[in-house]
Each structure stands twice: as C-alpha cells, then as structure tokens.
Amino acid sequence: MEMRAIYAECLKKLMEADRHVVLLDADLAKASGTVGLRKQFYGTQIFDCGVAESNMASIAAGLSSYGFKPWIESFTPFASRRICDQIAISIAYAKQNVKIVGTDPGISAELNGGTHMSMEDIGVLRSIPELVIFEPVDGVQLRAAMPVLNDYYGAVYVRLFRKELPDVFPADYKFDLFRADTLREGKDLSIFVSGMLTKDVLDAADALAKEGISCEVINVHTIKPIDRETVLASAKKTGAVLTVENHNVIGGLGSAVLETLAAEKIPVKSVGIRDRFGEVGKLPYLKEAMGVTKENIIKTAKEAVALK
C-alpha cells in the first residue's frame, strides 16, 4: 500500500473522530493521496488553497489559533523552503498547532527533477526552535504515528515518501515519537538511518555480517529533537558510526548525529547527498548518481570501522 494512501486513510479516521481536524492543500490533493477525502469533507474540514503555500501556512496558523488542528500538505520543497518564514513566525514562533506534510523528499521526487527534489528541507527547518521533524520508514510506523502526531500540540514537519515502502516493523510495533528504534543489535558499527534508505541499510548490514562486521542499525524517525540518549549509548558501545539519509549531508540526520557526538572521540562517516542539486531520473539511477546505494553504504561502513 502506498504511503500516501495510508496517510489519507489515517487522516480520514482522525477527521471523522474530531471535526477540529482539518486539511489544507495547495492544489496537490491528488499527488498527496487525499483527493478521495474531498467527497466527504470538502468545504467543512478540507480546503484547497490553490498554488499558494505561504497563504496555506498562514491560514493554518489562523485556524489553529481558533482551536482547530490543521494539517497542510504539498511537495517537500514547497512545504519547507518556500514557506520557511511562515513556518518560523506564523506557526512555530506563535506556538500554533500545525502539522506540515512534505511529500516526495529528496531523490524520491524522481521525474519531477531538480526543482522538486528537496535535498535541504531538514537543514532549512531544523534550526527553527521547537519544530519537530519526523520521517516515517514504513506503513506500519506511519499508521502508529498519525494519531500521536495529531495529539501532539505544536509544529511538526512530516517528511513523507509517497509510494510503497517495504515493511520494516512488525504489526505490533509500539511507536514513541521521541525515541529512535533499534532494528538490529551490533558491536562493531552503529548505523543511524532515516526514511526510505532503511531497508538498504538492513540489506547492507546482512552483507557486512557475512564479512564479520556486526552492525547496530537504528532508525531515527524523529530527526529533531534527536534521541541523544540512544545515539550516545550506541556510538559508545560500538566505537564507530555511519549515518545514512536521503538528504544533503549538510544539515540533516548526519549533522544532528555529529552535533550529538561532538564531544566524543568516535569516528563518524556519512552517506547522503553530497551537497548538490537533484536531476531528472528514476530511483535506481538517482541512487547511483547520488551515492546512496547499498554498495556505497557497505563501502563507507568499512571505512568507518577502519577508523577505530
């Protein structure tokens, strides 16, 4: 099931249970997977703001000030860098309760190309005080997270992959917004990963295990505030760290982990977008072009271990 379909399914339940839950989109309901909800909620709990994301964010802030629980959605670059000031001032500074959903993060924008391929959204938003940044890894986690996010009062940015992702978590998974999930215990290397590359990391860890390298794999679904306790404990346990993300290596998960470990003498290597813009292409090509393949994860993991 596509992640956007799960997102829409969860929103439907939330809106049916509480008339204060509202959704605003920027003429992208079909792309976001929520167009099917319009028959039931349009004009009462769903509003199309047109191609005007800045206005959408400001309207959401206003609705929040009247007790509503707004969700807003657009493609990732338009839900982050385009509306950065509205998020900072109208939403976060004003302490409003708005959930901001950016779809198709990083290279998952594929054929929409460089203009829609946001490699910097986490970096743009991570320095805004009190803003929470969350990136689901599979449909199981997204289903568990949606009601938690809705109940959490405050500004949250959700980095949502639109299409299908393989399940990482079991059906009985228990979600904690502010606690990273250890997917695999290990002793030689800690790998911290977010979003769509998590399955690649698990496959890479399997390959490394055959070569005698034991990897601890931790999914960091909430990049801000990062789970410092888990990051520190794992890094001190293994003595070497690798971060993997579908984002610029500047400003994202890798930077958050490095900041956490700044006072520790632990080597850290990063796999991510190497400070460049995107381009048109399908996912396999883009993974290769951007250096975020399983093979590069394996290679960089070995380099991290060798630094111990």
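The values are calculated or read from the model by the stated rules, or taken from the named source; none is laboratory data. Predicted model only: the values in this text are computed from it and were never measured. Glycine gets a Cβ as well: all are built from the backbone with ideal geometry, and neighbour counts include every protein chain shown.
Could you list, in sequence order, the residues of region 193-210 that are of a type in the set (Asp, Glu) and without any contact (Cβ under 8 Å) to a residue 24 or more places away in the chain? Scanning region 193-210 gives a single hit, Asp206. Test Leu125 against the criterion of being more than 25 Å from Leu177 (Cβ to Cβ), outside the structural domain of Ala256 (by TED's automatic domain parsing) and not small (Gly, Ala, Ser), and give yes or no. Against the criterion (more than 25 Å from Leu177 (Cβ to Cβ), outside the structural domain of Ala256 (by TED's automatic domain parsing) and not small (Gly, Ala, Ser)), Leu125 does not qualify. Taking region 222-250 as the range and being touching a residue at least 60 places away in the same chain (Cβ under 8 Å) and more than 23 Å from Glu110 (Cβ to Cβ) as the test, the residues that pass are Thr222, Lys224, Pro225, Gly239, Ala240, Val241, Leu242. Condition check for Val305 on (1) among the β-branched types (Val, Ile, Thr); (2) out of contact with any Asp or Glu (no Cβ under 8 Å at 6 or more places or on another chain); (3) assigned to a helix (DSSP H, G or I): one failure, at (2).
Checking each residue in region 280-297 for being surrounded by fewer than 18 Cβ atoms within 10 Å (Cβ to Cβ) and either of a type in the set (A, V, I, L, M) or modelled with pLDDT under 95 (or both) picks out Val280, Leu283, Ala289. Residues that are among the charged types (D, E, K, R) and buried (at least 18 other Cβ atoms within 10 Å of the Cβ) were ranked within region 84-109; the one that is farthest from Leu286 (Cα to Cα) is Lys99. Listed conditions (1) buried (at least 18 other Cβ atoms within 10 Å of the Cβ); (2) within 19 Å of the chain's Cα centre (by Cα) are all met by Asp275, apart from (1).
The residues in region 205-233 that are within 19 Å of Leu258 (Cβ to Cβ) and either under 22 Å from the mean Cα position of the chain (by Cα) or charged (D, E, K, R) (or both) can be counted, and the count is 17.
Residue count for region 259-285 satisfying the condition of being of a type in the set (A, V, I, L, M, F, W, C) and more than 20 Å from Ala204 (Cα to Cα): 6.
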